[in-house]
Every structure is written in structure tokens, then in C-alpha cells.
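Trainee: Got a structure for you, questions after.
The values are calculated or read from the model by the stated rules, or taken from the named source; none is laboratory data. Note that the structure is a prediction, hence the values are computed from the model and not measured. We place every Cβ from the backbone using ideal geometry, glycine too, and count neighbours over all the protein chains shown. The accessibility values were calculated without ligands, DNA or RNA, using every heavy atom of the protein model including side chains. Shrake-Rupley method; radii C 1.70, N 1.55, O 1.52, S 1.80 Å.
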Amino acid sequence: MDYNTALFRLTSLCAGSEQCEWNLREKMKKWEVSRSDSDKIIDYLYDERYLDEQRFALAYARDKMRYNRWGRQKIDQNLRLLHISAPSRKEALLGLEEKEYEDILQELLAGKVRTIKAQSDYERNGKLIRFALGRGFEMSVIMKYLPDADFDALDDVEMED
């Protein structure tokens, strides 16, 4: 694909939704755009504000929290996979509204507790913790909303933040 076609496609894509540089470079590799042309295109997209890493990271984090119902750890891991810088990731995660974040966790736990088959509160809480950790929520937040938590019995669960 030639320079002008790739530039047109990518500006159209960026005008429609937030994109990250890594994804755009991957697209250009598939289109067999030369390295020098892809560098020029990326520079143009940054200069014209079609591309902004911080703006992308914040939009990505909000969308993954709201629609995929992911916690901060899972969002951070996926931003790392997209080669987003540490300061942009941190800013995006700090930009998540705490009340909304905790409400999502509460809804997830309330929904999951109805489907769990457990013989004791300890077993139920263990399953809920594993579920929420798998969704990327931090242990400190999970423990705030775990129903009838017996905190002494959960000593064997690794605490992370």
C-alpha cells in the first residue's frame, strides 16, 4: 500500500475512535508500508492530534471498566501489552472514578454469589476472591465488598495492591 492510501485510512480510523501507536504500526506492517513511511505517518498523526497516547489510555481504561467490567490490574496489563508508557497508564488508572469502580465490583460480586455452590462461607469467599482477582480488581477493594468476610480465615490468600 502506498503512503497516501495508508495515511488516508489511518486518519479516517483515528478520526472515528481513539487508537494507539502500536496498533497503527501493526496495521502498517500488514499493509507492507515501509518503515520510513510509517514513521512519517505516525509523526503526522501526532502533530495533527489524531493520535494521543494519554487520551487513548484514558478512553481505553474507562471503556474496559464500564463495558468489560475489568479492574485496574487487568486494564493496566492490557495497556502494557499495547506498549503504553508507564506515566500514561498511571494517569489513566487514576482517572477512573472510584465510586463507579467500586459499584461495578459490588455488582459483579452480587451476581456471582448467586451462582456459587459452596459448603461454607470460607469456600464461597475464596471463590469470590478468585473471581474478582481474575477480573483485575485489587485485593484491598475486594475485601471491602466481600459479603460476610471472615478476614482471619483468609490469611492464606496473597494480599496484593
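Trainee: When the residues of the stretch 79-107 are filtered to those that are of a type in the set (S, T, N, Q) and open to solvent by 40 Å² or more (accessible area, probe 1.4 Å), which remaining residue is nearest to the chain's Cα centre (by Cα)? Talk me through it step by step, then tell me what you get.
Mentor: Filtering the stretch 79-107 down to residues of a type in the set (S, T, N, Q) leaves 85, 88, 106.
The next check asks that each one be open to solvent by 40 Å² or more (accessible area, probe 1.4 Å); those that pass are 85, 106.
Values: Ser85: 14, Gln106: 18 Å.
Once the filter is applied, the top-ranked residue is Ser85.
Trainee: For the stretch 115-148, which residues satisfy the criterion of being of a type outside the set (Val, Ile, Thr), open to solvent by less than 60 Å² (accessible area, probe 1.4 Å) and in a loop (DSSP other than H, G, I, E, B)?
Mentor: Residues satisfying the conditions are Ala118, Ser120, Gly136, Phe137, Glu138, Leu146, Pro147.
Trainee: Identify all residues within the stretch 111-132 that are closer than 20 Å to Lys74 by Cβ and without any contact (Cβ under 8 Å) to a residue 24 or more places away in the chain; write none if there are none.
Mentor: Quick first cut of the stretch 111-132, residues closer than 20 Å to Lys74 by Cβ only: 111-112, 126-132.
Gly111, Lys112, Lys127, Leu128, Arg130, Phe131, listed by residue number.
Trainee: Being open to solvent by 60 Å² or more (accessible area, probe 1.4 Å) and over 20 Å from the mean Cα position of the chain (by Cα) is the filter here; which residues of the stretch 17-30 pass it?
Mentor: Lys27, Lys29, Lys30
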